[in-house]
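The values are calculated or read from the model by the stated rules, or taken from the named source; none is laboratory data. Predicted model only: the values in this text are computed from it and were never measured. Cβ sites come from the backbone with ideal geometry, for glycine too, and all protein chains shown count toward neighbours.
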Amino acid sequence: MHTIPDEGTWFLVLNPAAGGGRGKKLLPEIESALNEAQIKYSLHLTTEPGEAIWAVQEAIAAGLRNIIAAGGDGTFHEVANGILTQSIVDPSALTLALIPAGTGNDWPRTWQIPSDIKGAVRVLSEGHTCLQSAGLIQYHLNGLPCTRWFVNVAGCGFDAAVAAAANKAKENGRSGYLTYVFQLVQTLFRYKEVASHLQINQQSILVDLFAVLAGIGKYAGNGMMLVPEANPASNQFSITLVKKIPRLKVVRNLPKLFNGRFTTMREVSILQGSKLAINAGRNLLLQADGESLGEAPVTFEIFPARIKLVVPRPNQPPK
């Protein structure tokens, strides 16, 4: 554990559209809590996808070293990529705090960062930080090679298909937990397994792939514990591999997705590795931190101690 140095103003990136407009509604409460805690900040409101990446890069170039991300998992993903893709300072020299204001808020859930504004700001004001790993993805979009970082959970297969459907619904003005569940169930009966070749470190696996997830954090998909053995401070991904599975079996076990007990099913394997490569016979979609990116072939590689995150005090879970 470390303590945040007193380096002045925080750069607050807030997505007003997070959580179907929840970010905008929470802005007065966020500002009030920060002012009450006597935390100095400059505010940047995002207006379009991808904006948080370059906004953070510009803030770092201007000398700011402490960043607050207020929004949902998409906002957290972009802010983290802004930190990890700049080359002015080592990413681990920057401090990132999260204020959950979206629908899923899956990354802060692993760290037990409070979901209420006052609780999240209290964690920020207490100033305890921890270094966590980040994952680098090399993938393809329209046949062209691309790269992206992730800080929570990334995967290929069914989860990516659900993310694509949910993100499309969001573009059409439909978001929230119920929308996500609807897209999950609808996608479940449309999705077809993809013959895939997985390489986990030196282990080679041929599989009719339902889903594979590389986890730094435990949660994805609006509170589902899809990678229950993940440890964000580890130098290894925890990998959840799901082979071809009857759809009704998935439906019967849906409640177990929220407590991680689905891993007892024979179609599910829990593996570990610092590198995961996936090749598929046809298009296999990819998501990272809930964001739809592209398709296989894809490679995930973990980089330990890459992000310095403000977290609750050790051995004292938030009230």
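Some points to look at:
- Restricting Val310, Val242, Val268 to residues that are of a type in the set (Val, Ile, Thr) and out of contact with any helix residue (DSSP H, G or I) (no Cβ under 7 Å at 6 or more places or on another chain) narrows the list to Val242.
- The single residue among Ser87, Ser32, Ser42 that is under 25 Å from Phe303 (Cα atoms) and surrounded by fewer than 16 Cβ atoms within 10 Å (Cβ to Cβ) turns out to be Ser87.
- Residue in region 256-266 that is part of a loop (DSSP other than H, G, I, E, B), surrounded by 17 or more Cβ atoms within 10 Å (Cβ to Cβ) and within 19 Å of the chain's Cα centre (by Cα) present: yes
- The listed residue being at pLDDT 95 or above, more than 20 Å from Ala161 (Cα to Cα) and part of a strand (DSSP E or B), out of Ser234, Ser238: Ser238
- Here Gln138 passes the criteria (1) crowded, with 18+ Cβ neighbours inside 10 Å; (2) in contact with a Ser or Thr (Cβ under 7 Å, 6 or more places away or on another chain); (3) polar (S, T, N, Q) except the one numbered (1).
- Filtered residues of region 20-70 (kept if of a type in the set (S, T, N, Q) and more than 21 Å from Val121 (Cα to Cα)): Thr47, Gln57
- Being in contact with a Leu (Cβ under 6 Å, 6 or more places away or on another chain) and closer than 26 Å to Val185 by Cα is a property that Leu286 has.
- Residue satisfying all of: in region 48-106; within 13 Å of the chain's Cα centre (by Cα) and among the aliphatic types (A, V, I, L, M); nearest to Thr9 (Cα to Cα) among these: Ala69
- Of residues in region 285-319 being at pLDDT 95 or above and part of a loop (DSSP other than H, G, I, E, B), the one farthest from Thr129 (Cα to Cα): Asp289
- Top-ranked residue in region 97-119 [being surrounded by fewer than 24 Cβ atoms within 10 Å (Cβ to Cβ) and in contact with a strand residue (DSSP E or B) (Cβ under 6 Å, 6 or more places away or on another chain); ranked as farthest from Lys25 (Cα to Cα)]: Ile113
- Qualifying residue in region 152-159 (condition: of a type outside the set (Val, Ile, Thr), at pLDDT below 95, touching a Gly at 6+ places or on another chain (Cβ under 9 Å) and crowded, with 18+ Cβ neighbours inside 10 Å): yes
- Any hit, region 89-110, residues being of a type in the set (Phe, Trp, Tyr) and within 22 Å of Glu48 (Cα to Cα): yes
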